[in-house]
Ligand code: NDP
């Protein structure tokens, strides 16, 4: 039996992972499940999957978790240290599906124990790509992409030489506002931004799809994971979300990956890699679909895309600053303190200010330095948000 743990088990990716695990319960020995506020779901899944350990990220929810697990024999724990400890428990395969930079420290610990880390938590790669890749190499651990675009590229590269790759094209649905008049964007509400045309995902990534901050992170993730130059990465708006990515080779061939908009494909590919196994995802009927559409992204609608280019040019710890500013701006939008279009203004201001406010951007990529930059960028984002509301 394969020993597995799922970080962020109560979220959208975590639940899709659990759906796959439940279809073959005899194949997996579940070590740890982690969640945040959703104690009911965390405890129910821990009991159903007979996990050894369940961890909530929040110290003040420990008693609730203990109560929900009473009599099950499952260990309960809470807080950041408990999350890290859970990542050190021996496992063969670990899903990293915490949202935000909070996924970085457990992910690093998982790699240090030599486990295969299925990485949905793209923020880790954006903040500390080199640190993750070096940690994986040092401990002979494997890092497998779970983001649908990166899984698609990874699959397109099987048997290929990365040196023969001319370009990588990742697609974007364009999100909730792709066809809105530009002048209406600043009035976009939280409910409108939280509804995705094709994918059923967590709220934060859904809003990030509408602003394309999600795609901006994915462009940086592509650079970090596959080691290509920024100029080799393109974004293509594809409203149907059926082509997930394309890899262009030096002979002019363009290999496309198509599949239903269902994260269980990418999760299942990482779970069974290097094999392919039957997955419960819809099969595409291209004759019925009839038509696929593509267009270039409108950079005025999606300023985050140009910001990602600046971050890649600047390098150092700028990815961590960008992600932190984006996370904080998103918090403010969700709390109804700023407008939708303010988010990109805030990240732009933080990117401008971070170099003068901190001498840390070029310092070594350690967890401590990433955490420090993260804190500084969050404070700058809060100040910028207050100016926008003031
Ligand atoms: P969700 O918001 O649905 O789930 C996030 C998970 O992380 C939940 O288990 C949540 O717990 C937990 N969590 C939240 N905050 C913290 C914290 N500070 N510390 C520890 N745990 C925390 O997110 P998604 O599943 O949508 O996304 C997860 C990751 O996967 C993100 O990095 C996202 O970018 C990436 N991703 C998601 C895709 C999707 O289709 N959803 C596609 C590709 C990538 P609780 O809910 O109990 O509070």
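When you scan the range 215-224, how many residues do you find that are surrounded by fewer than 24 Cβ atoms within 10 Å (Cβ to Cβ) and either within 13 Å of the ligand (Cβ to nearest atom) or not in a helix (DSSP H, G or I) (or both)?
0
Which residue, of 366, 347, is surrounded by fewer than 19 Cβ atoms within 10 Å (Cβ to Cβ) and either in contact (Cβ under 8 Å) with a residue 12 or more places away in the chain or over 21 Å from the mean Cα position of the chain (by Cα) (or both)?
When all the criteria are applied, what remains is 366.
Given the condition within 20 Å of the chain's Cα centre (by Cα) and closer than 30 Å to residue 261 by Cα, answer yes or no: does some residue in the range 45-65 qualify?
Checking the range 45-65: at least one residue is within 20 Å of the chain's Cα centre (by Cα) and closer than 30 Å to residue 261 by Cα.
Among the candidates 320, 296, 288, which residue alone is within 29 Å of residue 239 (Cβ to Cβ) and either in contact with a helix residue (DSSP H, G or I) (Cβ under 7 Å, 6 or more places away or on another chain) or free of Cβ contacts under 8 Å to residues at least 40 places away in the same chain (or both)?
Sole residue among the options that is within 29 Å of residue 239 (Cβ to Cβ) and either in contact with a helix residue (DSSP H, G or I) (Cβ under 7 Å, 6 or more places away or on another chain) or free of Cβ contacts under 8 Å to residues at least 40 places away in the same chain (or both): 288.
Would you mention how many residues in the range 6-29 are touching a strand residue (DSSP E or B) at 6+ places or on another chain (Cβ under 6 Å) and either in contact (Cβ under 8 Å) with a residue 40 or more places away in the chain or more than 9 Å from the ligand (Cβ to nearest atom) (or both)?
Initial filter on the range 6-29 (touching a strand residue (DSSP E or B) at 6+ places or on another chain (Cβ under 6 Å)): 6-7, 9-10, 14, 17, 21, 28-29.
Among the residues that remain, those that are also either in contact (Cβ under 8 Å) with a residue 40 or more places away in the chain or more than 9 Å from the ligand (Cβ to nearest atom) (or both) are: 6-7, 9, 14, 17, 21, 28-29.
Here the count works out to 8.
Quick grid of which residues meet (1) touching a helix residue (DSSP H, G or I) at 6+ places or on another chain (Cβ under 7 Å); (2) modelled with pLDDT of 95 or more; (3) assigned to a helix (DSSP H, G or I); (4) within 11 Å of the ligand (Cβ to nearest atom):
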position	(1), (2), (3), (4)
41	no, yes, yes, yes
51	no, yes, no, no
55	yes, yes, no, yes
66	no, yes, yes, no
90	no, yes, no, no
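Go through the range 354-387 residue by residue and tally those that are in a loop (DSSP other than H, G, I, E, B) and within 21 Å of residue 129 (Cβ to Cβ).
8
Anything in the range 270-296 that is surrounded by 10 or more Cβ atoms within 10 Å (Cβ to Cβ) and part of a loop (DSSP other than H, G, I, E, B)? List them, or say none.
Matches in the range 270-296: 273, 276, 277, 279, 280, 281, 282, 284, 292, 294.
Could you please tell me which pairs satisfy a Cβ distance under 6 Å, a separation of 6+ or placement on different chains, a first residue in the range 51-63 that is under 11 Å from residue 79 (Cα atoms), and a second residue that is assigned to a loop (DSSP other than H, G, I, E, B)?
Within 6 Å, the pairs are 57/36; 59/79.
The values are calculated or read from the model by the stated rules, or taken from the named source; none is laboratory data. Please read these numbers as outputs of a predicted model, since none were measured by experiment. Because the Cβ atoms are built from the backbone with ideal geometry, glycine has one as well, and the counts that use them run over all protein chains shown.
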